[in-house]
2 protein chains.
Amino acid sequence: MLRVSKLTDYATAVMAALADAPARVHSAQELAERVRLELPTVSKLLKQLAHAGLVDSFRGVNGGYRLARASERISVADIVTAMEGPIGMTECSAQSGLCGLEPHCGVRVNWQRINQAIAEALAGVSLADMLKPSRRRGAIPIHVAPSL
Amino acid sequence: MLRVSKLTDYATAVMAALADAPARVHSAQELAERVRLELPTVSKLLKQLAHAGLVDSFRGVNGGYRLARASERISVADIVTAMEGPIGMTECSAQSGLCGLEPHCGVRVNWQRINQAIAEALAGVSLADMLKPSRRRGAIPIHVAPSL
DNA sequence: ATAAATCAGTACTATTTCGGTACCATATCG
DNA sequence: CGATATGGTACCGAAATAGTACTGATTTAT
């Protein structure tokens, strides 16, 4: 299906909730209620997001999470990468020397370019964009790397 | 990691091998040797590709597989879809009414647009393109749907 | 100082998906 | 009819995923 994991999906929803009031600190509990997910689940993914530097965390009473930077400066690619690691459509496009077919298949290089096109597509959409209901006119141009 | 499955990856390699001699009929055995994979695996994915109409199959002695149409008219999206089903980054972007968060998360519509951008990126690269070592200059422009 | 609230880290388990294999049926050619 | 191939189905083991639980650390408030 070519999909991101559920956790990643949830993460975008949680990040969107944070972006709604970027100045405030939100507890994991509050966010869980907001997006209708279990607290442990939300807590888990917030830790990952904090580890990746996308959110700041605060301990103790009245602690919680806050966006580490403006929603315009956080891309969907950032969130996906934080949750799933480096974006790579195939084994060999993320890291070479693994599939053993490399000398014979000949399609590796081109997969890498497709990869890059998709990574750029994800990088080109910010968290702020995700909050816009369905507004902006005019396509965002995305390019696959030269020489495909 | 946001990746296609290994089978899909293998499928592109097998399709590339077929595209190398599009007029001939290749047995599963021959293709398996060519791409250095086990016969049952190659056989399995060829069945799927045949079912999706991307290759024609011929039974009996001297039977085998052949590209159903010119490699220029087979896209990477075709192969991915044949192997993995409809392209959809999230549950809800492939099919609504499943995640229960839809009324609250607000990011669903935008995921759908990202989806579409990626689907178009994959659709814009043909099997013939995949065979080119690393040649063509000039980016292929891809657009996310209007109103993101 | 103590208790409460909240995040941090680790570990565990159940479920699902994926990759791979086996088997038998069916079709074609000689 | 027999050899060669694909078609279809079913199965199994391994890995990834999702979710849960528990314990520790930190901060605030009283």
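The values are calculated or read from the model by the stated rules, or taken from the named source; none is laboratory data. From a predicted model like this one, the values you see are computed outputs, not experimental measurements. Here the Cβ positions follow ideal geometry from the backbone for every residue, glycine too, while neighbour counts run over all protein chains shown. Protein only, heavy atoms only, side chains kept; ligands, DNA and RNA dropped before computing areas. Shrake-Rupley method; radii C 1.70, N 1.55, O 1.52, S 1.80 Å.
Counting only protein heavy atoms and using a 1.4 Å probe, the accessible area of B:S126 comes to about 20 Å². Each other copy holds its own label point for A:E72; taking that point as 7 Å from Cα along Cα to Cβ, the gaps run 4.5 nm, nearest first.
Across A:D20, B:D9, A:D78, the residue with the most accessible area heads the list, and the full order at a 1.4 Å probe is A:D20, A:D78, B:D9. Heavy-atom accessible surface of A:Y10, to the nearest 10 Å², is about 50 Å², with a 1.4 Å probe and all protein chains retained.
Accessible area of A:E72 (1.4 Å probe, protein heavy atoms only, ligands and nucleic acids ignored): about 120 Å². Filter the cross-link list A:K6/B:K44; A:K47/A:K132; B:K6/B:K47; B:K47/B:K132 down to pairs whose alpha-carbon distance in this structure exceeds 24 Å. Violating the 24 Å limit, Cα to Cα: A:K6/B:K44; A:K47/A:K132; B:K47/B:K132. Using the Cβ-Cβ distance between B:A50 and A:L7 with R0 set to 41 Å, the FRET efficiency works out to roughly 0.70. Placing a label point 7 Å from the Cα of B:R59 along the Cα-to-Cβ direction, the distances to the matching points in the other copies come to 6.9 nm, shortest first.
For B:V25, the point set 7 Å out from Cα toward Cβ sits 7.3 nm from its twins in the other copies, listed from shortest up.
Remark: mean inter-chain Cβ contacts per residue of B:32-43 equal 1, using a 10 Å Cβ-Cβ cutoff to other protein chain atoms.
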